[in-house]
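The values are calculated or read from the model by the stated rules, or taken from the named source; none is laboratory data. Just so it is clear, the structure is predicted and the values come from calculations on it, not from any experiment. Neighbour counts are summed over all protein chains in view; Cβ atoms, including those assigned to glycine, are modelled from backbone coordinates with ideal geometry. Heavy atoms of the whole protein, side chains included, go into the accessibility calculation; ligands, DNA and RNA do not. Shrake-Rupley method; radii C 1.70, N 1.55, O 1.52, S 1.80 Å.
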Amino acid sequence: PNSLLDPVLVSAAARRPVRFLAKAPLFSDPKVGWLVRGAGAIPVYRRVDDPTLTGQNVDMFRAVYEELSEGAAIGIFPEGESHSEPSLVALKTGAARIALGTFALHRQTFPIIPVGLVLRQKDRFRSRAAVVLGQPIGWDDLAPRGTQDRETVRTLTDRIETGLRQVTVNLERWEDEPLVECAESIWRAEWDTDHDPASRVFRLEVTTRILAKLRVDVRFQASIPWVARRLFLVALPAILLAVVGFILFWLPYTLTDLVSAASRRALDQRSTYKLLIGISLYGFWVLFLAAATAWMWNPLAGVGALAVIPFVGLAGLRIREGWRGAWSDARRFLLLRSRRRLLESLRVKQKELAVRLKALYDAWEQTAPN
């Protein structure tokens, strides 16, 4: 549930300023309106929010046409709603109309870039996220036809949807996610394919489409570099950092959770509000600790505390996350080391599954549209 955090990911991947279209009620929201306005967003007046204001979209379209003609980047979430469905929902035609309308007014085309957001656990703070930039969508052949041609608008909308589906993972239901993840892991382990995030997203998406119509190396030698990379996690300084960081920030962490839960926001807004609440509480807490240090000792100590306290908190968080990951890896390693027959049978089964997956992929590739 990310709501206003999704544009942050898109902007980070674009590496340039992006002006997003946002529903008009956000601009008057006292909690996030300042953020939406400060980001240079452009209001969209949706019929579902207030049918009496949809006429103001004429000004919205005019502003977007002007921005695009001057080379600005405009960001739009063409589904037109925030949701937690396992797949894209039907796209609205707004993105296509904006492109065609800009050409009609300024006789200029521009690249339409599909951007896919794929989050490992979208309801968990600091979950891994991949932002995949797709190939530009071709629409030069459609540009001269204008927004009045409904078939042209629908065709361009379909092309945008195809582009988005190529850079996102679209499940039939959330229960399929573990199966798709497992199949992709087996494929990657056996066939040693690309490990970059974009390639992984492509394999996950292909796997979901095939679904619709673990190589484990536990040799002792493999464990040596694993242990070496994690030795720092059990060093005394690391343990002290983890414990001190936890104690220092336990109060704002707990308060952030309690306040965000009490706000009773919709599922797709919780992360945004938790981030805003956390920034305020954590910022105030760091300033309070620095001021207390200055009062107890001297101003120089307070300035030092202001620099050191955030570092201790972040370093401690990194170490505690490392403990959790290392424990999971070590448990799996020791389990399979102690059950060699199980390991051998798993390797055989993995190979069989990988061969069957490759056969499915080859069959799908022969029938899949370009």
Run the accessible area of the chain with a 1.4 Å probe and give the carbon-and-sulfur part as a rounded percent. 61 percent
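Give the peptides 152-160, 200-208 in descending order of average Cβ contacts within 10 Å, highest first.
Going from most to least packed, we get 200-208, 152-160.
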Relative contact order in percent for segment 48-204 (Cα pairs under 8 Å, 6+ apart) equals 22 percent
Cβ charges +1 (Lys, Arg) and -1 (Asp, Glu), total dipole of segment 39-79, debye: 120 debye
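Counting only C-alpha contacts under 8 Å and six or more residues apart, can you give the relative contact order of segment 86-139 as a whole percent? Present the calculation step by step, with values, prior to reporting the outcome.
Working: 46 pairs, mean separation 15.8, N = 54.
After rounding, I find 29 percent.
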R0 = 41 Å: FRET efficiency of Arg120 with Trp34, Cβ-based, nearest 0.05? 0.85
With semi-axes √(5λ) of the Cα gyration tensor in Å as the read-out, I listed (1) 41, 35, 16; (2) 31, 24, 20; (3) 34, 28, 23; which label goes with the value calculated from this structure? (1)
On a C-alpha basis, how far is the centre of segment 30-93 from the centre of segment 273-310 in Å? Whole number, if you could? 38 Å
How big is the antiparallel share of DSSP beta bridges in the chain, given as a percent to the nearest 5? 45 percent
Among Val153, Ile113, Trp139, whose Cα lies farthest out toward the positive end of the dipole of segment 75-154, if unit charges sit on the beta carbon of Lys, Arg (+1) and Asp, Glu (-1)? Ile113
Report the charge-dipole magnitude of segment 106-147 in Debye, nearest 20, computed about the Cα centre from +1 at each Lys and Arg Cβ and -1 at each Asp and Glu Cβ. 380 debye
Using helices alone, I'd like the mean residue ellipticity at 222 nm for the chain: each DSSP H run of four-plus residues gives -39500 (n - 2.57), total over residue count, nearest 500. -20500 deg cm²/dmol
Starting from the Cα gyration tensor of segment 129-177, take the square roots of the eigenvalues, sort them a ≥ b ≥ c, and report rounded, prolate or oblate (rounded when a/c is under 1.5, otherwise prolate if a/b is larger than b/c, else oblate). oblate
Determine, from the Cβ-Cβ distance of Gln135 and Phe232 and an R0 of 51 Å, the FRET efficiency 1/(1 + (r/R0)^6), rounded to the nearest 0.05. 0.75
